[in-house]
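Each value in this text was obtained by applying a stated rule to the coordinates, not by laboratory testing. Quick caveat, the model's predicted, so the values are computed rather than measured. Here the Cβ is made from the backbone with ideal geometry for all residues, glycine too, and neighbour counts use every protein chain on show.
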């Protein structure tokens, strides 16, 4: 039933969002003959800069003695590849990132804090970029109902983020009492483990908010990630538009709307949603439809599809030695696919690492996992 619903959702996205935008795309194929290769190269470099900025963001929110930037870049690429393959893949990508970071010596609490701060903080910065673009665009070009939807999503995100910050920094004692009380009533939760996790998260959040320089760096790298990515789209559009650049406010509004709406986990990495929003909004801001179609498709080839094989190679570089055979590498990728997609993988190991009691602790049990698979982190 779940797979049928996912397939139905994908069909709806393609039918309602993608197909109408690609209708008549063959009429724009003549633009391929006049594409400017230099712009394509610049667009790829800007996309690489966006990934580097995201790696720097990961390093900023982790403790100073965390893994090197090179290792973090490989972990980020691995999680990005997974999130681009599985529907709702952000959760699976975060799970893989958690496992890889803890294997590199980062504590579970620090890893959880870093992943949460990275994801939520990055989304907050994206909404700020969108709101600033809307403040410039609406007086000049008028209001669109889609703006209201995106603004509502942003308000809910800011409210939730603000409540979390206040809860952990100003009301830690109250949060600890409430969670201890809840843990005491749930058979599988350990009060001390939950309390320790809350304390560690609150400490890390206070450190981040108290260190202005660290906070500015984190916000700066998150903003650089989005802006480099948007600049890559801008250049890809110009590659097919004979150097004609769309207005900055139009680009940022289209880019922000597409990525905010792509946060709804309907398809992997917003596939279909991003294209279905970007193309008509860009056309609304003055781009030729053919230029918008080819520019967005080229941009998504680099932004969405290219990180999948690159991320697979990055994952293999973390888990398999450089002299490994092709067979062992294929087996490792198969192992990754099984672990990230399986919902029945060993939950007891995961539970123990997150402060949960195992109902069958101390009792021997058969290992249900396939031979050679490590427990899920």
- Task: Using per-residue counts of other Cβ atoms within 10 Å, averaged over each peptide, order 53-65, 100-112 from highest down.
- Result: 53-65, 100-112
- Item | Kirkwood Rh in Å, taken over all unlike Cα pairs in the range 249-316 | 12.7
- Item | the range 82-130: Cα Rg divided by the 2.2 N^0.38 Å rule of thumb | 1.27
- Item | Ranked by how many other beta carbons lie within 10 Å on average, peptides 126-135, 233-242 from highest | 233-242, 126-135
